[in-house]
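Engineer: Structure incoming, see below.
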Amino acid sequence: MDVPNEVAVELAGIGDGVLGALRERLGCAINLRGNRLTLEGEDTKVVEAKAVVEELVDLVESGQEIGAGRSTPS
């Protein structure tokens, strides 16, 4: 899935902390290259991860900052 620039920046963060937290919490492989986010794993986990990423996109686009230490939507 493609994500906006500002979302890619937030997800990449310092040392991919947000991506690492998402991988751990969501139980699937999440990779970011530029603005392209790929999700791999069991179908149900990928569907859940996509929903979380879509919520994160909405948060960032509304001006919220995200970080590995903050709670992520579930």
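The values are calculated or read from the model by the stated rules, or taken from the named source; none is laboratory data. Owing to the predicted nature of the structure, the values given are computational and were not obtained by experimental measurement. With ideal geometry, Cβ positions are generated from the backbone for all residues, glycine too; neighbour counts draw on all protein chains shown. To get the accessible areas, we keep the full protein, side chains included, count just its heavy atoms, and leave off ligands, DNA and RNA. Shrake-Rupley method; radii C 1.70, N 1.55, O 1.52, S 1.80 Å.
Engineer: Report, by residue number, each residue of segment 49-64 that is more than 21 Å from residue 31 (Cβ to Cβ) and in contact (Cβ under 8 Å) with a residue 40 or more places away in the chain. Break it down into steps so the answer makes sense when it comes.
Structural biologist: Restricting attention to segment 49-64, the residues satisfying the condition of being more than 21 Å from residue 31 (Cβ to Cβ) are 58, 61-64.
If the condition is that a residue be more than 21 Å from residue 31 (Cβ to Cβ) and in contact (Cβ under 8 Å) with a residue 40 or more places away in the chain, then 61 is the only one that fits.
Engineer: Could you look through segment 3-47, keep only residues that are in a loop (DSSP other than H, G, I, E, B) and open to solvent by less than 30 Å² (accessible area, probe 1.4 Å), and pick out the one that is nearest to residue 58 (Cα to Cα)? Break it down into steps so the answer makes sense when it comes.
Structural biologist: First, the residues of segment 3-47 that are in a loop (DSSP other than H, G, I, E, B): 3-4, 13, 27-28, 34-35, 41-42.
Next cut, open to solvent by less than 30 Å² (accessible area, probe 1.4 Å) only: 3, 28.
On the way: 3: 11, 28: 21 Å.
If we take residues in segment 3-47 being in a loop (DSSP other than H, G, I, E, B) and open to solvent by less than 30 Å² (accessible area, probe 1.4 Å), then 3 is nearest to residue 58 (Cα to Cα).
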